[in-house]
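Colleague: Below is one structure. I have some questions about it.
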Amino acid sequence: MTLLEILIVVIIVAILAGVAMPNYARTVEKAKVQEAEGILTTIYQAQRIYRLDYDTFTTLALLDSNRYLTSPTSSNWSFTDSTAPTAATFQVKASRTGGAQYLRVDQTGQICKSAGYDTSVSNRPVCP
């Protein structure tokens, strides 16, 4: 092979990598968002079951201690709730580790996203 042929191959590989990397990064981020959406859906279902039993919503800690839910853990997300132990409503927020983006679920079961998310990563509505 001549130097020119090697240079052409390197340029083609660089162009292909330049096209593939953004798609790869978006796919990885989409998978992380789907992980959080799945956990938030599980939390919503646990809250509904708890409410059927006690006619109220509760905190993540009480859901865990009463064995309705195992505390959600993720290396990509942290989960916080703003729910009183005996509340008529609940809200749980999944915050992105190392980022400002978040997802949130409430007693309606609707998952919404922070304004910073690209629509190609999450098509959820923006939180009010």
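The values are calculated or read from the model by the stated rules, or taken from the named source; none is laboratory data. Owing to the predicted nature of the structure, the values given are computational and were not obtained by experimental measurement. Reconstructed Cβ throughout: ideal geometry from the backbone, glycine too, with neighbour counts over all protein chains shown.
Colleague: Count, please, the residues in the range 75-128 that happen to be under 20 Å from R26 (Cβ atoms), surrounded by fewer than 15 Cβ atoms within 10 Å (Cβ to Cβ) and of a type in the set (S, T, N, Q).
Modeller: Final tally of qualifying residues: 5.
Colleague: Moving on to the next point. Out of the residues in the range 58-77 meeting the condition of being in contact with a helix residue (DSSP H, G or I) (Cβ under 7 Å, 6 or more places away or on another chain) and small (G, A, S), tell me which one is modelled with the lowest pLDDT.
Modeller: Ranking the qualifying residues of the range 58-77, first place goes to S71.
Colleague: When you check T58 against the structure, is it surrounded by fewer than 17 Cβ atoms within 10 Å (Cβ to Cβ) and polar (S, T, N, Q), yes or no? Spell out the reasoning first.
Modeller: On the way: surrounded by fewer than 17 Cβ atoms within 10 Å (Cβ to Cβ): no; polar (S, T, N, Q): yes.
So T58 fails the test.
Colleague: Can you find even one residue in the range 33-51 that is at pLDDT 90 or above and over 19 Å from Q110 (Cβ atoms)?
Modeller: No: the range 33-51 contains no residue that is at pLDDT 90 or above and over 19 Å from Q110 (Cβ atoms).
Colleague: Out of T70, T86, T56, I need the residue that is more than 19 Å from L103 (Cα to Cα), in contact with an Asp or Glu (Cβ under 8 Å, 6 or more places away or on another chain) and not aromatic (F, W, Y). Which one? Before the answer, list the steps.
Modeller: Working: T86 fails: in contact with an Asp or Glu (Cβ under 8 Å, 6 or more places away or on another chain); T56 fails: in contact with an Asp or Glu (Cβ under 8 Å, 6 or more places away or on another chain).
Matching residue, one of T70, T86, T56: T70.
Colleague: On to the next question. Of all residues in the range 78-102, count the ones that are out of contact with any Phe, Trp or Tyr (no Cβ under 8 Å at 6 or more places or on another chain) and modelled with pLDDT of 90 or more.
Modeller: Of the residues in the range 78-102, 5 are out of contact with any Phe, Trp or Tyr (no Cβ under 8 Å at 6 or more places or on another chain) and modelled with pLDDT of 90 or more.
Colleague: I need the full set of residues from the range 2-40 which are part of a helix (DSSP H, G or I), polar (S, T, N, Q) and loosely packed, with under 11 Cβ neighbours inside 10 Å, in order please.
Modeller: Across the range 2-40, the qualifying residue is only N23.
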